[in-house]
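Report on one structure; see the data block that follows.
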Amino acid sequence: MNQFHNGMTLFLSLLVEAMPFLLLGVLFSSLLLFFVDERKLAEKMPKNPLMGALIGSTIGFLFPVCECGNVPVARRLLMQGVPAPVAIGFLLAAPTINPIVIWATWTAFRDQPEIVILRVVFSLLIATIVAVVFSFQKDLTPIVQPAIARYLKFHRPAEHKHRFQSYQKKQQQADTPSLLQSGTYFLGTGQAMRLETAATAVASPAFSDGKPLGAKLRLVLENTVQELRELGGMLTLGSAVAAAIQVLAPRELILSLGAGPITSVTAMLVLAAVVSICSTVDSFFALSFASTFTSGSLLAFLVFGPMFDLKSIGLMLAIFKPRAIFYLFALPALLTFLLTLVLNLYFF
Amino acid sequence: MPSNPNRRSSQIGKKLLPWLDVLAIGAWGILLLKYWLTNKLNLLINPNYFGLVIAAATGLLVVSTFKAKELLQHRGREMVTNIQHLSLFPPGWGSALLLTAAIFGFLVTPQVFASEKALQRDVSELLGATRVKPQAFRASVPPEERSLVDWVRMLNVYPEPDRYQGSKVKVQGFVIHPPELGKEHLLLARFVITCCAADAYPVGLPVKLPETSEQYPPDTWLEVEGQMTTEIIAGKRQLTIAAKSLRKIPQPKNPYSY
């Protein structure tokens, strides 16, 4: 019974702590719809995978959201046709590479500035590498959830708009009677309307064109509620699992692995995945292990934790299929392991 | 013509589902406010984040109110469904989960962690006591006014126990009986929360008792007065409080340190 109460307290505290960040992320993601013409942003994103990955990893600096907040933003970006490396880079690096998190890490590790610097450098490096790896998957259908795949198939905003405009231009130049174009037409409303044209107009998200303010606000509200519902449900499940493991698994087991260069890094990677603590505050959590664990393993916790944990599996399932999530777990885990192990063995 | 009951119930479901969103989001707003107003928030998270939580509660209530207003205004009319509607769950599950969690939040009072939770940790780590943020310690405070956590922070910066020999001590904390300590000692501890209850960790100092520790069952809150001394405990030289008086006190309103 006591265990149950402790578990409930952990569960509720995780939710209470995460809720503001979730709301911030969801509001931000919904307002992004409102203020930013994402199709323009998507068009500006470099097609080169390496540049895209780098830019994706660093735009987190403009958006101070932690890992509960960055998933909705990443999902939005992806659905607005931003290249996959940009979205993946953002997903992995944004929780770490943003002013609030860097400031918090600096507060915690003031006497070890190398930890702060290496956290940023390693996160950027790993996010870029993983994003470049994902850029080889040109067709996103096998890795994203079917609903997103369907959406992307029918709404390719950047390309579509471009094609549509050049089509219009051609039409104006040629001045061909529109009924002589091939296609399906709606007739009888005075002027014939080509079906494909109408479909494009209907399908493009309604934000950047001149809708009245009230309608825009209603869509922001609708989007906020929808993302709160979906991502909040996931967060609830993830927090429940994280709390259950914290109560049921013997912590000594994890802590006793502490001092060896390899076991400590491994243990910290596991702890990072299990504890699911928000990236804005995880440096204080890591600090509490500063005496018992190697510096490399603390870095492993700080770099890997924001990229992947039990709580975020739930959130990521809103975008990706399990197979892609496995890669998003395995690649950062192995890279973090490698980098921090080298640090442990040769530098610290 | 008899109407199909399944179809009718699914139509009712369609009408009720948006209200489930309103309820779930509103319930979380109210729950967060309730934690704040009933002073339970400090059992869950560090006070640094109170402002954030209160703002979030307001935000959730605003979203829920606007949604409710919209539903009332557009009653009867078919709701415009968002184009980008994706869901892994069957409709309503996300909100149902959120609402269930909120209901648990209303029913279960957050618990103050006790010795059992502290003993889940490595006790040598408890005695090592090197886990507290050093920049927060205050050296200017006279020794008898330092709290347990102040002492541990101090020890963190200047670890030599002999430095404190003979200093007066008056601290409050709860009792832990780690198996490593004999009958003449107990561990006086407090939990420190840096972020939320998920990272609560105990810090403590051993107390040398004038009598046996059986008089003080685990989780009793004590105010201990005495002098600092050095003892060898579990094979390590360890700063210890030699107690002159131990007074049982009620659990403080704010049992955690931050």
Practice task
Give me the Kirkwood hydrodynamic radius of region B:169-232, using the inverse of the mean 1/r over all pairs of distinct Cα atoms, in Å to one decimal.
Solution key: 12.5
Exercise for the section: Find, to one decimal place in angstroms, the Kirkwood hydrodynamic radius of region B:205-258, where the mean of 1/r is taken over every pair of different Cα atoms and then inverted. Expected result: 12.5
Practice task
Identify the residues of region B:169-205 with backbone N under 20 Å of a label point that sits 7 angstrom from the Cα of A:W103 along the Cα-to-Cβ direction, or state none.
Solution key: B:194-196
Handout entry: Cut-off under 5 Å, modelled amide H: who pairs with A:F320 long-range
Key = A:Q145
Completion exercise
Output field shielding_mean for A:139-149 (other chain Cβ, 10 Å radius) holds 1
Handout entry: Karplus-derived HN-Hα couplings along region B:38-50 (A = 6.51, B = -1.76, C = 1.60, θ = phi - 60°), whole Hz, x at Gly and Pro
Key = 9, 6, 9, 4, 6, 7, 9, 9, 5, x, 4, 9, 4
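For B:T230 and B:Q73, compute 0.36 nm times the residue count separating them, minus their Cα-Cα distance, and round to one decimal in nm.
Working: separation 157, 0.36 × 157 = 56.52 nm, distance 7.31 nm.
Separation in residues times 0.36 nm, less the Cα-Cα distance, equals 49.2 nm.
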Completion exercise
Within the under-12-Å Cβ sphere about A:N2, not counting A:N2, Lys/Arg +1 and Asp/Glu -1 give a net charge of -1
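Could you line up A:R75, B:R247, A:R150 from fewest to most neighbouring Cβ atoms inside 10 Å?
B:R247, A:R150, A:R75
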Practice task
At q = 0.13, 0.21, 0.22, 0.24 Å⁻¹, what is the base-10 log of I(q)/I(0) for region A:59-153 according to the Debye formula with one equal point scatterer per Cα and no solvent? Please give it to two decimals.
Solution key: -0.49, -1.00, -1.07, -1.20
Exercise for the section: Using the structure shown, list the pairs from B:K208/B:K248; A:K40/B:K69; B:K168/B:K208 with a Cα-Cα distance above 24 Å, or answer none. Expected result: A:K40/B:K69
Fill in the blank from the handout: Assertion target for B:H74, B:H177, ordered by fewest C-beta neighbours within 10 angstrom first, is B:H74, B:H177
Handout entry: Inter-centroid distance (Cα atoms) of region B:180-256 relative to region A:107-150, Å
Key = 45
Handout entry: Table column - 3J(HN,Hα) (Hz), region A:113-119, Karplus curve with 6.51, -1.76, 1.60, x for Gly and Pro
Key = x, 4, 5, 4, 5, 5, 4
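Bear in mind that the values in this text are calculations on the coordinates, not laboratory data. Note that the structure is predicted; figures quoted are calculated from it, not measured. No Cβ is skipped: glycine too gets one built from the backbone with ideal geometry, and neighbour counts run over all protein chains shown.
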